[in-house]
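What follows draws every value from the coordinates through simple rules; no lab data is involved. None of these values were measured; they are calculated from a predicted model. FYI the Cβ positions are ideal-geometry reconstructions off the backbone, even for glycines, and counts take in every protein chain you see.
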Amino acid sequence: MPAIIFNIAFTTPDPSKTASPRQCAEHAAQRAYYNWTAQYNYKAYMEDKIKTQVHKDYSDYMEKGGALFDQNGVINEKKLDEIKQRLSTTRSIIWHGFISFEEAYKSQFDTKEKCSDFLHDTFNVLIDNSHLDRDNIDLVAALHKDTEHHYHIHFTFFEREAKHKNNTYTRKGKFSQRAIDNFVVSSNLYLDERRQQLHVERDRLIDRIRSAYPTARAAEFNREDNNVVAKAVTALADKLPETGRLGYNSANMKALRPQIDNVVNLMIANDKTLCSAYVDWKNEVSRREKIAREAMTESRFAYVDGKRLTLDMTAGSTIVSSWDNVRVIDDVKRDMRVRLGNYAIKFAMQTKRARAKLNYSGKPTREGKINARKARNQISRGLRDICIAMTTCVNNGHVDFTKELRRAEYEIQTGRQVSHGKN
């Protein structure tokens, strides 16, 4: 039995141009059902109290926030009214379907909040691998628990602003096999009880490279000529562009990415603890990749010729999925490469700044020695001029003082002589 069954269909805004009157009427009825304008519609079906709750009072359930949710949590009444208004008039294709879970995973999907978390981690994978824009999508979902052994999520979504193509509304409603495969893999990875461990190992690896190579030590790399990491970092620092963004994914850093990757590899290879953290992260990625491959080879999702299969159609089905379509694991590896690369760039930038500062203050290089000699000569000349000026000032002050002292003594003596004569 597949761990997850994903079934999706769609309703176009207009019937086919070749549709008969009967087919046009059927399409209109179907469209009204899925855009929630029919008296009994898909919204009412998703909110059905028998399907949404088991062994609970429905009024108590509704008081806790309603039956409907999206990838960000329970949808409140105001937001639901806004979605309903947009859906009733949209010219977008309306997609709808269900995701069913094997009984072994039932406990992971027994509340709206758990199902919302699942969609938060997986739904955008489906959208990002399609022709749609995640920021232009309204999603509404409900958890149905009326089938005791297979809880399932019913969903519907549409574009807030329908895309145009050649001044006509697009009729492209089918998702590619690549989009489906990536969604299925990400869904099965979500079922992994240790799914958080990958994030733990990722954060541990990032913390370790920061502690092994703190930016505060960047200045030391200008004095460690025999250190292979120092040489690589200094070489990278010399090539960093003076303008533009310095991020790993920046266009002006594209040519430097192999050199950045080499710096990262040297950093890892020359620190045992960092190397250990990197190995632990790689092992966790490998474990996740194994789960992902099993999802593609053990009928965890089944469809034939692009047709989505229901639970009773999976027996004897042929797997048509392809691992070449799957990007989920590569995305994890790429994310880590970017994180480590950005830190190597940051460290090289700090090294460049530290070296410029040291050179300015007299770094013992050829240019630094010349600058230092000029500075010393200028200081010597300044001190010599100050000494000469001070000596001159003191000498002049001594002469003037003696002259004034003699004058004062003469006046005193003269005054005494005059005074003595009068007596």
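Couple of notes before you dig in:
- Trypsin sites (Lys or Arg not before Pro) within the range 183-256: DSSP coil, no more than 13 neighbouring Cβ in 10 Å: Arg194, Arg223, Arg245
- Ascending count of other beta-carbon atoms within 10 Å, so fewest first, for Trp323, Trp36, Trp281: Trp323, Trp36, Trp281
- Taking other residues whose beta carbon is less than 14 angstrom from the beta carbon of Gln196, and scoring Lys, Arg as +1 and Asp, Glu as -1, yields -1.
- Applying a DSSP loop filter and a limit of 12 other Cβ atoms within 10 Å to the GluC sites (Glu not before Pro) in the range 191-270 leaves Glu193, Glu242.
- Among Val264, Gly173, Ala218 - extreme Cα towards positive end, dipole of the range 171-277, charges at beta-carbon: Gly173
- Subset of Lys145/Lys174; Lys282/Lys352; Lys106/Lys333; Lys49/Lys84 violating a 25 Å alpha-carbon distance limit: Lys145/Lys174; Lys282/Lys352; Lys106/Lys333
- Positive-end residue, the range 79-144 charge dipole about Cα centroid, Cβ charges, pick of Leu80, Phe109, Thr90: Thr90
- For Lys272, net neighbour charge (Lys/Arg +1, Asp/Glu -1) across residues whose Cβ lies under 14 Å away: -1
- With Cα atoms defining each centre, the range 176-242 and the range 23-43 are spaced 51 Å apart in the structure.
- With R₀ set to 25 Å, the beta-carbon distance separating Asp133 from Ser250 gives a calculated FRET efficiency near 0.60.
- Charge tally around Asp331: other residues with Cβ under 14 Å, Lys/Arg +1 each, Asp/Glu -1 each, net +2.
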